[in-house]
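Okay, so here's the structure we're looking at.
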Amino acid sequence: MSAVRVHRVVEGPEDGPVVVFAGSLGSDLRMWEPQVAPLVERGYRVVRYDARGHGGSPVPPPPYRLEDLGADFVALLDDLGVERAHLVGLSLGGMTGMWLGVHVPDRIASLVLCCTSAKLGPPSMWVERARKVRAEGTASIAEAGVGRWLTEPYAKSHPDVAEFLRAMIAAVPAEGYAACCELIERMDQLDALPKISAPTLVIAGADDRATSPEEHARPIAEAIPGARLEVVANASHLGSYERPAEFTRLILDHLERT
Ligand SMILES: O=C(O)CC1=CCC(=O)O1
């Protein structure tokens, strides 16, 4: 495994239980802003970071593998002097969380897997998206990205949020985004999920067309021993941003049970 030093922001009491937030393809750590204050107020130490190839993190040359993203997470914990952390991951962040739950269980206190998938096809879609981003930049796919992240009624009634998220996607380095598309193209974690022993909550957005509850969240919850599934109404792929109160309540409830 070869790790990079990811860009991170750490908030909350030094002695609080550590919760690390791992974001979606095309995001940076600002996607978790709605979750910070409620968790800090409840005494958690909140760590947010940018995945490799995203935000302020390094953009190493491809290929990127899930084990590289996992190694970045472990290096982050090592850097912070943290032995075990709760991981809340959305989409690509959840894929990283599943990999860590299988391969590095000693470092994972619990998992919250939001709007994610263990196998997300078709591969041709990821090949084409990586090609487009390399040829035309991330701005060329930003509008479509926001269309997957937010429900249409929410985007229409919150044009400022839609524009903020469009600019977030457009700011991701093309090579970092494309390399993560190719990682997803190759990913198949379905058979490994029963090895996860961490207490796990799976949260889906009822209106998420990218990783739908029935096709993606339910198989994860059914494969991980003891996992629970919650489906949030009126939420698309970036459900934690669109429905922050509901997602944060579920996350806090899970943390307090474990
Ligand atoms: O942008 C998408 O298509 C949805 C998505 C897949 C992995 C991820 O992090 O976001």
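Checking 39, 66, 29, 77 one by one, the residue that is within 23 Å of residue 200 (Cα to Cα), within 16 Å of the ligand (Cβ to nearest atom) and touching a helix residue (DSSP H, G or I) at 6+ places or on another chain (Cβ under 8 Å) is 66 and no other. Restricting region 1-39 to residues that are β-branched (Val, Ile, Thr) and touching a Pro at 6+ places or on another chain (Cβ under 9 Å), the residue that is nearest to residue 67 (Cα to Cα) is 4.
In region 134-145, the qualifying residues are those that are of a type outside the set (S, T, N, Q) and more than 11 Å from the ligand (Cβ to nearest atom), and the one that is most open to solvent (accessible area, probe 1.4 Å) is 143.
The residues of region 1-32 that are open to solvent by 10 Å² or more (accessible area, probe 1.4 Å) and under 23 Å from residue 141 (Cβ atoms), listed by number, are 7, 23, 25, 28, 29, 30.
Under the condition of being in a loop (DSSP other than H, G, I, E, B) and either open to solvent by 20 Å² or more (accessible area, probe 1.4 Å) or out of contact with any His (no Cβ under 8 Å at 6 or more places or on another chain) (or both), which residue from region 80-111 is nearest to the ligand (Cβ to nearest atom)? If we take residues in region 80-111 being in a loop (DSSP other than H, G, I, E, B) and either open to solvent by 20 Å² or more (accessible area, probe 1.4 Å) or out of contact with any His (no Cβ under 8 Å at 6 or more places or on another chain) (or both), then 104 is nearest to the ligand (Cβ to nearest atom).
Residue check: is residue 45 of a type outside the set (S, T, N, Q), in contact with a helix residue (DSSP H, G or I) (Cβ under 9 Å, 6 or more places away or on another chain) and surrounded by fewer than 23 Cβ atoms within 10 Å (Cβ to Cβ)? Yes: the conditions hold for residue 45. Picking from residues in region 42-58 that are over 16 Å from residue 111 (Cα atoms) and in contact with a Pro (Cβ under 8 Å, 6 or more places away or on another chain), the one that is nearest to the ligand (Cβ to nearest atom) is 54.
When the helices (runs of 4 or more DSSP H) confined to region 146-258 are screened for residues that are over 22 Å from residue 38 (Cβ atoms) and open to solvent by less than 20 Å² (accessible area, probe 1.4 Å), those reaching at least 1 such residues are found at 159-170, 174-186, 218-223. If you check residue 76 against the conditions, is it in contact with a Ser or Thr (Cβ under 6 Å, 6 or more places away or on another chain) and outside any loop (DSSP other than H, G, I, E, B)? Considered against the rule, which asks whether it is in contact with a Ser or Thr (Cβ under 6 Å, 6 or more places away or on another chain) and outside any loop (DSSP other than H, G, I, E, B), residue 76 comes out as no. Checked across region 112-130, the condition of being in contact with a His (Cβ under 8 Å, 6 or more places away or on another chain), within 16 Å of the ligand (Cβ to nearest atom) and assigned to a strand (DSSP E or B) holds for at least one residue.
The values are calculated or read from the model by the stated rules, or taken from the named source; none is laboratory data. Treat the numbers as computed from the prediction; the structure is a model and nothing was measured. Glycine also receives a Cβ, built like all others from the backbone with ideal geometry; neighbour counts cover every protein chain displayed. Calculation scope for accessible area: heavy atoms of the full protein, side chains included, ligands and nucleic acids excluded. Shrake-Rupley method; radii C 1.70, N 1.55, O 1.52, S 1.80 Å.
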